[in-house]
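What follows draws every value from the coordinates through simple rules; no lab data is involved. Since this is a predicted model, take the numbers as computed values, not measurements.
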Amino acid sequence: LLPGDIPEVGRWNVAAGEAFAAQLQSILRERGYNVRVLNRGIYGNTTTDMRNRVDTDIPDGTTIVILDVSGGIFNDKFKGISRQQGDADVTAMTARLKERGIKVFPVSAAELPAQYHQQDGIHLTPEGHKLIAARLLPQITEALGPPSVAAHETVRQACYADAKRL
């Protein structure tokens, strides 16, 4: 195999394109939204680590943050951070983001049924990521409002060009 033939696989046996952030971005773009969905999560971070990075990792101009706290809460247990402190960290992050005019949508993979988790019982399968993206979609599109006419026109022109080429 050539390097280009090997699919990019992220952590925990899920390809980068299968992660919920990538899936959500793809769906939104298909619907005419000109958006970038970035994953700013860092493996092993606690809620305190997340709180300490919120201003540096969330760029100005961000309108929505999907705050996945399941990993942080899980990691808190291993690093001796109480659930009370974890909840306080999440509250502080949410308040800080809202101060900046950013809408916050919390999500937790821990709430999904077991069949959407890998054998370790923690990390999501590709289907679990797909379910998270599907659950977030209505909230995100409502927060964004309708896609711009220009975005619809761009999508229409791209489809027309593809159809004409075929």
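Explain nothing, just compute: Karplus ³J(HN,Hα) = 6.51 cos²θ - 1.76 cosθ + 1.60, θ = phi - 60°, for every residue of the range 114-126 in order, whole Hz, x for Gly and Pro.
For the range 114-126, the Karplus-derived couplings read 4, 5, 9, 10, 6, 4, 6, x, 10, 7, 7, 7, x Hz, x marking Gly and Pro.
Hey, what do the phi angles of the range 16-33 turn into as Karplus ³J(HN,Hα) couplings, whole Hz, using 6.51/-1.76/1.60 and θ = phi - 60°, x for Gly and Pro?
3, x, 8, 5, 4, 5, 5, 5, 5, 4, 4, 5, 4, 5, 4, 8, x, 8
Long-range amide H contacts for Ser148: which residues qualify at under 5 Å (H placed 1.01 Å from N, peptide plane, sequence gap of 5 or more or a different chain)?
Asn34
Tell me, what HN-Hα J-couplings in whole Hz come from the Karplus equation 6.51 cos²θ - 1.76 cosθ + 1.60 at θ = phi - 60° for each residue of the range 134-142, using x for Gly and Pro?
Computed from phi, the couplings for the range 134-142 are 5, 5, 7, 3, x, 5, 5, 5, 5 Hz.
Leu124's amide H: which non-local residues (gap 5+, or another chain) put their own amide H closer than 5 Å, with H modeled 1.01 Å from N in plane and none for Pro or chain starts?
When sequence neighbours closer than 5 places are left aside, the close amide H contacts are Gln118.
Using amide H atoms built 1.01 Å from N in the peptide plane, name the residues 5+ places from Ile66, or on other chains, whose amide H lies under 5 Å from its own.
Phe105
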